[in-house]
Amino acid sequence: MTNCEKNAIRRMRQRSSAYKEISEMLGLPEATIKTFCKRNHLQDTDLQTLEAAKEDFAVSAVCVQCGKELVQNDKRKPKRFCSDDCRLFWWNSHRNEVTPKSTHKLICSVCGREFQSYSADRKYCCHTCYISGRFGKART
């Protein structure tokens, strides 16, 4: 299947064309079209979810923190905040809502304290322990 055919399938599925209709127009087997759509999230349920998300997004085009109206840019990730100040304030005041997806519980090789990290390769809990462990300087 060529890139041109793939793009045509995407466009036709987004216009709610049926698998059979697409296969007849492109001269490809219907099973091939179904498989491509399944792998690329172009099934009916995926398209309905996408439409619902677009509707929700269109309604909530305001800053999450201050409620100021946002101007969205096409072909870019949707904005949630009007400025860095609003973004930082919101994230700092809603830390309990953030669920880290992959944290590791580790033990510092210098002080023996338990700490959490996104990386499983860390050896030290803080910069002071790093300096002490790496260069042998006394902890202050």
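The values are calculated or read from the model by the stated rules, or taken from the named source; none is laboratory data. Quantities reported herein were computed from a predicted structural model and do not represent experimental measurements. Note that we place each Cβ from the backbone using ideal geometry, even for glycine, and neighbour counts take in every protein chain shown.
Taking the stated definitions as given, is Leu42 outside the structural domain of Phe89 (by TED's automatic domain parsing), assigned to a loop (DSSP other than H, G, I, E, B), modelled with pLDDT of 85 or more and surrounded by 12 or more Cβ atoms within 10 Å (Cβ to Cβ)? Working first, answer last.
On the way: outside the structural domain of Phe89 (by TED's automatic domain parsing): yes; assigned to a loop (DSSP other than H, G, I, E, B): yes; modelled with pLDDT of 85 or more: no; surrounded by 12 or more Cβ atoms within 10 Å (Cβ to Cβ): yes.
When the stated conditions are applied, Leu42 does not pass them.
Each residue in the stretch 87-102 was checked for being under 20 Å from the mean Cα position of the chain (by Cα), surrounded by 13 or more Cβ atoms within 10 Å (Cβ to Cβ) and not basic (Lys, Arg), and 2 pass.
For residues that are exposed (fewer than 10 other Cβ atoms within 10 Å of the Cβ) and charged (D, E, K, R), tally how many sit in the stretch 103-113.
First, the residues of the stretch 103-113 that are exposed (fewer than 10 other Cβ atoms within 10 Å of the Cβ): 105, 112.
Right, trim to charged (D, E, K, R) and you get 105.
Residues flagged as exposed (fewer than 10 other Cβ atoms within 10 Å of the Cβ) and charged (D, E, K, R) within the stretch 103-113 amount to 1.
A Cβ distance below 9 Å, combined with a sequence gap of six or more or placement on separate chains, defines the contacts here; from the stretch 120-135, residues that are in the same structural domain as Cys108 (by TED's automatic domain parsing) reach residues that are in a helix (DSSP H, G or I) and among the aromatic types (Phe, Trp, Tyr) in the pairs Lys123/Tyr130; Tyr124/Tyr130.
Listed here are the residues, each with its yes/no results for (1) exposed (fewer than 14 other Cβ atoms within 10 Å of the Cβ); (2) in contact with a Cys (Cβ under 9 Å, 6 or more places away or on another chain); (3) at pLDDT 85 or above; (4) over 28 Å from Met1 (Cβ atoms).
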residue: Met25; (1), (2), (3), (4): yes, no, yes, no
residue: Val64; (1), (2), (3), (4): no, yes, no, yes
residue: Pro78; (1), (2), (3), (4): yes, no, no, yes
residue: Cys82; (1), (2), (3), (4): no, yes, yes, yes
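Taking the criterion of being surrounded by fewer than 17 Cβ atoms within 10 Å (Cβ to Cβ) and either basic (Lys, Arg) or outside the structural domain of Phe36 (by TED's automatic domain parsing) (or both), the residues of the stretch 6-23 that qualify are Lys6, Arg10, Arg11, Arg15, Lys20.
If you check Gln72, Gln116, which single one turns out to be exposed (fewer than 15 other Cβ atoms within 10 Å of the Cβ) and in contact with a Pro (Cβ under 7 Å, 6 or more places away or on another chain)? Spell out the reasoning first.
On the way: Gln116 fails: in contact with a Pro (Cβ under 7 Å, 6 or more places away or on another chain).
When all the criteria are applied, what remains is Gln72.
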